[in-house]
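Colleague: One structure, as structure tokens, below. Some questions next.
The values are calculated or read from the model by the stated rules, or taken from the named source; none is laboratory data. On a predicted model such as this, the values are computed, not experimentally measured, just so you know. Here the Cβ positions follow ideal geometry from the backbone for every residue, glycine too, while neighbour counts run over all protein chains shown.
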């Protein structure tokens, strides 16, 4: 009896010791909201963005000796004192839902910061919630230039804006006209009638003036359309030399297929972010997607050359979740997670004002950014945002501009449908 | 004055709703319940405004998001474009919605039954496209609110839901109060008469065109009032958000689930649907994309199969059972 009492006492002591030691060494969780469209027309892209944020968190929380990234070698943040926990939330692509979910994440889930929201129209009200509450909001890929024209202090965006991409597109056209005698004089714009598409079209018009590109077709369409025949016919009748396109996933493939149906192509078709960049969409299009162009911040081909560590993160943590490589949108959400973590590390913990100050003023090395670094301007826009123009050849994105990154001689004009 | 059972329920509900913000932590601060309670009151008021013409008047409209949108845009334009107070936009929005509803309804009321409903479907699409390309109202970009000072003047609060809750409660009381008045007055009897048989009502001297137009104008103005609140609450207005079939369906779905043509139906519908929608989305998202919507859909299907008269039908079924039980005793 005496023996069994002693055994019970020792067991209790051992249990208490385990409890105390685990409590002492348990890292504190810093919650980060990942607010994306997980249902609705952009659900696949939204889920990819959440997976990208989670992949970045795996790099931060675990020891990854095989990855050469500022936070990969250590476990957690601030000497293991903190780990990041992702709280996913769905805004369904609706601005009102994005606003109420942002409030819930900050007030109920007590997240330290939110990363999101993919759709520019959702990012706007959600980041307004953050600004009012003086909380951090980090945006990876929403490209509407208006987002960083509001004078917000707590909003930071990684992606190049539509304005930056538009200028790059016309710079490329000017180069082709001058050096390759491409004879590109007229422009058509086709865009979804949303915050993203409308802004992209406005920036295209501004940039076109720079090289006297005459706009002969301005064609908006409703996103989620089931038929784009009349829109493509408008383009065909105007017959512009180059078309700038701003269409998300399914709309992009519908646009390409409708052009095939009416048997028309311009000399060049260059796309803003989204549909063109999505490997799943290109897989669906097959060889019909060939010779189209687009602005990109990431492709597996580019990454092999300029972002080898990004490839490692992709293969180890992202692809097992998403069954595809990163795309230009999702990887930028991962970058913002890494930037936030680096700022928390430098601040010594989750102090909003300290972390904000660090993000606003310091430069961050970034193995998943094409430029290799991130530095924000006073308006919250990443001054180091860089995108290249690629052309698609059999599911492979070939870089054609700027010349520094060029690895392929593009097919211009595009090969007509009947000669493919 | 003797209070009926319905009166007692109505006044009792108002007293409870008014007390709610005084209980610490229930509505105030960043309470999620505060958000849900505000949305229940707002959507109940929206559904009740639809119930006037479609439930009591029998003219099923799928076009109410147009009037809701006009109210939202009126408040949004006042704040964003004219940089003044939203309050100026509210009466203008209500008036515009009433006028637009009359202009739309006059020709449409020549159509009967399903044809009227189909025509209202088309009207939503027309207005949606129109507002999408109308640059004066922001076009597809919509109107984004600047950050305003907190308080009643701007009807904007960043760290508490109390003001919004009180605003939604005021709208709820106004809309439901008007419907109570209609139910008890000649207007209500005229509406019911038109719903049950337009020719018969006309043979008894009821001017069905005037009754329907009046009900539609009132319904539209109240929907616009709700729209103005919605814009203030979300700091943003754009056509897909406020002037869409999706939004129109919310008016219809809540009322049908609660009980069309009944006083408490829209409130019961909102009381079930809104928390279900908000809490499932908020707390089941981690289980996978769309799980919340699947559960939401299944519950609606079950309720509609079991009791097509909605929640009010379920309640009357239980009441009937209770009375039968009492009679047996």
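Colleague: Restricting to segment A:334-359, give me the number of residues that are in contact with a strand residue (DSSP E or B) (Cβ under 8 Å, 6 or more places away or on another chain), outside any loop (DSSP other than H, G, I, E, B) and over 29 Å from residue A:405 (Cα atoms).
Modeller: 7
Per-residue answers, yes or no, for (1) touching a strand residue (DSSP E or B) at 6+ places or on another chain (Cβ under 6 Å); (2) within 11 Å of another protein chain (Cβ to nearest Cβ); (3) closer than 28 Å to residue A:232 by Cβ:
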{"position": "A:114", "(1), (2), (3)": "yes, no, no"}
{"position": "A:134", "(1), (2), (3)": "no, yes, no"}
{"position": "A:144", "(1), (2), (3)": "no, yes, yes"}
{"position": "A:151", "(1), (2), (3)": "no, yes, no"}
{"position": "A:166", "(1), (2), (3)": "no, no, yes"}
{"position": "A:171", "(1), (2), (3)": "no, no, yes"}
{"position": "A:197", "(1), (2), (3)": "yes, yes, yes"}
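Colleague: With segment A:272-321 as the region, which helices (runs of 4 or more DSSP H) entirely inside it contain at least 1 residues that are surrounded by 24 or more Cβ atoms within 10 Å (Cβ to Cβ)?
Modeller: A:279-285, A:308-313
Colleague: So, in segment B:1-31, of the ones that are within 14 Å of another protein chain (Cβ to nearest Cβ) and either in contact (Cβ under 8 Å) with a residue 24 or more places away in the chain or assigned to a helix (DSSP H, G or I) (or both), which residue ends up surrounded by the most Cβ atoms within 10 Å (Cβ to Cβ)?
Modeller: Only one residue tops the list, namely B:27.
Colleague: Check B:255, B:280, B:262 and return the single one that is within 27 Å of residue B:168 (Cα to Cα), in contact (Cβ under 8 Å) with a residue 12 or more places away in the chain and not in a helix (DSSP H, G or I).
Modeller: B:262
Colleague: Let me ask something else about it. Out of everything in segment A:216-231 that is within 14 Å of chain B (Cβ to nearest Cβ) and not in a loop (DSSP other than H, G, I, E, B), what residue ends up being surrounded by the fewest Cβ atoms within 10 Å (Cβ to Cβ)?
Modeller: The qualifying residue surrounded by the fewest Cβ atoms within 10 Å (Cβ to Cβ) is A:230.
Colleague: Let me confirm something: among A:110, A:124, which residue is surrounded by 24 or more Cβ atoms within 10 Å (Cβ to Cβ) and either touching a helix residue (DSSP H, G or I) at 6+ places or on another chain (Cβ under 7 Å) or part of a loop (DSSP other than H, G, I, E, B) (or both)? So that I can check it myself, show each step before the final result.
Modeller: Values: A:110 fails: surrounded by 24 or more Cβ atoms within 10 Å (Cβ to Cβ).
Of the residues listed, the single one that is surrounded by 24 or more Cβ atoms within 10 Å (Cβ to Cβ) and either touching a helix residue (DSSP H, G or I) at 6+ places or on another chain (Cβ under 7 Å) or part of a loop (DSSP other than H, G, I, E, B) (or both) is A:124.
Colleague: Can you tell which of B:127, B:131, B:116 is in a helix (DSSP H, G or I) and more than 14 Å from every other protein chain (Cβ to nearest Cβ)?
Modeller: Being in a helix (DSSP H, G or I) and more than 14 Å from every other protein chain (Cβ to nearest Cβ) holds for just one of B:127, B:131, B:116, which is B:116.
Colleague: Looking only at residues in segment B:135-160 that are more than 9 Å from chain A (Cβ to nearest Cβ) and within 30 Å of residue A:220 (Cβ to Cβ), which one is modelled with the lowest pLDDT?
Modeller: B:135
Colleague: Let me ask you something else. Could you tell me how many of the residues in segment A:322-342 are surrounded by fewer than 24 Cβ atoms within 10 Å (Cβ to Cβ) and under 15 Å from residue A:57 (Cβ atoms)? Walk me through it before giving the result.
Modeller: From segment A:322-342, those surrounded by fewer than 24 Cβ atoms within 10 Å (Cβ to Cβ) are A:322-325, A:342; that's our starting set.
Of the ones still in play, those that are also under 15 Å from residue A:57 (Cβ atoms) are A:322, A:342.
The qualifying residues number 2.
Colleague: Which residues, counting only those in segment B:32-45, are crowded, with 21+ Cβ neighbours inside 10 Å and either closer than 18 Å to residue A:133 by Cβ or touching a strand residue (DSSP E or B) at 6+ places or on another chain (Cβ under 8 Å) (or both)?
Modeller: B:34, B:35, B:38
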